[in-house]
1. When only residues in region 95-125 that are modelled with pLDDT of 90 or more and not hydrophobic (A, V, I, L, M, F, W, C) count, which is nearest to Ile164 (Cα to Cα)?
2. Would you mind telling me which numbered condition in (1) open to solvent by 50 Å² or more (accessible area, probe 1.4 Å); (2) of a type outside the set (S, T, N, Q); (3) closer than 30 Å to Gly506 by Cβ Leu45 fails?
3. Do any helices (runs of 4 or more DSSP H) lying entirely in region 410-513 carry at least 3 residues that are within 30 Å of Lys30 (Cα to Cα) and open to solvent by 40 Å² or more (accessible area, probe 1.4 Å), and which ones are they?
4. Determine, yes or no, whether Phe227 is farther than 23 Å from Asn15 by Cβ, in a strand (DSSP E or B), open to solvent by less than 30 Å² (accessible area, probe 1.4 Å) and modelled with pLDDT of 85 or more.
5. Looking at the structure I just gave you, is Gly460 on the phi > 0 side of the Ramachandran plot, at pLDDT 90 or above and not β-branched (Val, Ile, Thr)?
6. Specify the residue that is least open to solvent (accessible area, probe 1.4 Å); the eligible residues are those in region 136-179 that are within 15 Å of Ile190 (Cβ to Cβ) and β-branched (Val, Ile, Thr).
7. Run down Lys266, Lys201, Lys270, Lys228 and say which single residue is among the charged types (D, E, K, R) and closer than 13 Å to Leu45 by Cα.
8. In region 328-367, what residues are in a helix (DSSP H, G or I) and under 24 Å from the mean Cα position of the chain (by Cα)?
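The values are calculated or read from the model by the stated rules, or taken from the named source; none is laboratory data. Everything numeric here is computed off the predicted structure, so don't read it as measured data. Here Cβ is always computed from backbone atoms with ideal geometry, including for glycine, and neighbour counts include all displayed protein chains. When the accessible area is computed, the model is the full protein with side chains, heavy atoms only, and any ligands, DNA or RNA have been set aside. Shrake-Rupley method; radii C 1.70, N 1.55, O 1.52, S 1.80 Å.
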Amino acid sequence: MGYRAMKGASWQLNNTLEFRNITKYFPGVKALDNVSFVAQSGEVLAFLGENGAGKSTLLKTLNGDYQPTSGEYRINGAPTHFRSPNEAIEAGVSVIYQERQILMELSVAENIFLGRMPVNRLGIINTRKANEMASAIIADFGLPIHPTTKVKDLSIAYQQMVEIMKAYSRENLKVICFDEPTASLSDSEIESLFAVIRKLKQEGKIVIYVSHRMSEIREIADKAAIFKDGRYVATVDIDQVSDQEMIRMMVGRDLGDIYNNLDRSKTIGKPLLEVKHLSSYYVEDVSFTLHEGEVLGFSGLVGAGRTEAMRAIIGADRMLSGEVLLHGKPIRCKSPRDAMRHGIVLVPEDRKTQGILANLDVGANINISLLDQHSNRLGVLDTQAEQQVAEKSIRDFNIRTPSAEKKIVELSGGNQQKCIVARWMCVSPKVLILDEPTKGIDVGAKSEFYRMICEFAKQGLGVILISSELPEVIGLSDRVMVMRSRRIAGEVPREEATEDRLLELGMMGSETATAAANHRGENEA
């Protein structure tokens, strides 16, 4: 007997979820811009959009993780506002994120019914009943796990399935949202998940499914709500539009004069960094070449492996196989310090936790890469030399700060990022890796970074640019490497780089994207 039958749960048909003028501001960023549309029960609605389009932010404002700046939600016509995820759960709204929210030391059944364990007439927890109900849910999912097994003893995939089963078990469930739920699931586990999603759809639940995988969306979704730059574009019937049409709706932006007017490197030199068949625990068989004076872009969706490939190159993650050559000579970096000594440096994506030293001032943050040079045998620092480096960097990189003694956390995000770049340029690198360098900074600061990147390339540096902003990676790169599912999916020269092309490679892989491109060419002819 399935769980729904066991509980005698009634089906809740004709549910509606209305997003009404939802707007969300973060400091310097408008993440959601007046989003309005309706999700209906009895259908699976996919959310489609580039990285940063607002999909996950919208879900987080729905379930109380974030509070909308303005606008409201309506469930079955009633205005709804949740101050926390717990309030959302109590009202029948569940969001399943990639990050697991389970307790490892508890059993599967205890996690599924956490806070809702069945009790007997004396108020004592009825473990047998909990295990029985959990077994029924596990049977609905078709999984080979036992309700008494501790979650810590399950694979990552099964741990995520426990999180999904927890939401499925709630009798008042009206809305269930899946944010990239299949990232760690096998094909058979995905099929089990899809079977449950279809069951929920039949029961009249509102199902929202966020994914970058077009094949999955084709298989499970009825409609797709498309987002671009924090705005809702349209809702389309999956059966009535092609993948390419949906991708065009997700992009379709003019790169603008900000890229056309850049003073680019006119000469691409000889090979500088060669990566051959690199594999780590996080990427597989990655190969590419970076030339002197070149900006090599890396594009791909979240989780594609772009950052992980660079971490393996600099020794932050262990390289299991493959080879890295610098100026034709093999090198092996066991740590980022080794990489720095070879002239390879990385400006990380998360400057708050991996970039800045929040308790130190601007000067100390810049000089941290030069401690060895500025220290004598006794470890005494040459403070005068440090001051000179800090002041020169502030001038050269136009860092807006009253002095080098200003705490770095008191600067804007753009100026913090300039400090990190200045830090690594002090060591005269050969290869500069920039991971999402303009993330969270304003348009004015972005244009400064674009000019800076072009200037570095003109000086003969090899620049690797990782960016989730397609106009940025297209507008700055001489070539673009596209990653998908932890591998290189394709290489696109600057003159052929379009948002459609990069998204097709990142979402569908090289063979499918090439076939789609050929099909478009035939139609245009």
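1. Only one residue fits best here, namely Asn111.
2. Checking Leu45 against (1) open to solvent by 50 Å² or more (accessible area, probe 1.4 Å); (2) of a type outside the set (S, T, N, Q); (3) closer than 30 Å to Gly506 by Cβ, the one that fails is (1).
3. On the way: elements: 413-425, 443-458, 470-476, 499-508.
Per the criteria, 443-458.
4. Details: farther than 23 Å from Asn15 by Cβ: no; in a strand (DSSP E or B): yes; open to solvent by less than 30 Å² (accessible area, probe 1.4 Å): yes; modelled with pLDDT of 85 or more: yes.
No.
5. Numbers: on the phi > 0 side of the Ramachandran plot: yes; at pLDDT 90 or above: yes; not β-branched (Val, Ile, Thr): yes.
Yes, satisfied.
6. Ile164
7. Values: Lys266 fails: closer than 13 Å to Leu45 by Cα; Lys270 fails: closer than 13 Å to Leu45 by Cα; Lys228 fails: closer than 13 Å to Leu45 by Cα.
Selected residue: Lys201, the only one of Lys266, Lys201, Lys270, Lys228 that is among the charged types (D, E, K, R) and closer than 13 Å to Leu45 by Cα.
8. Here is the first cut: in region 328-367, the ones in a helix (DSSP H, G or I) are 336-342, 351-355, 362-367.
Selection gives Pro336, Arg351, Lys352, Thr353, Gln354, Gly355.
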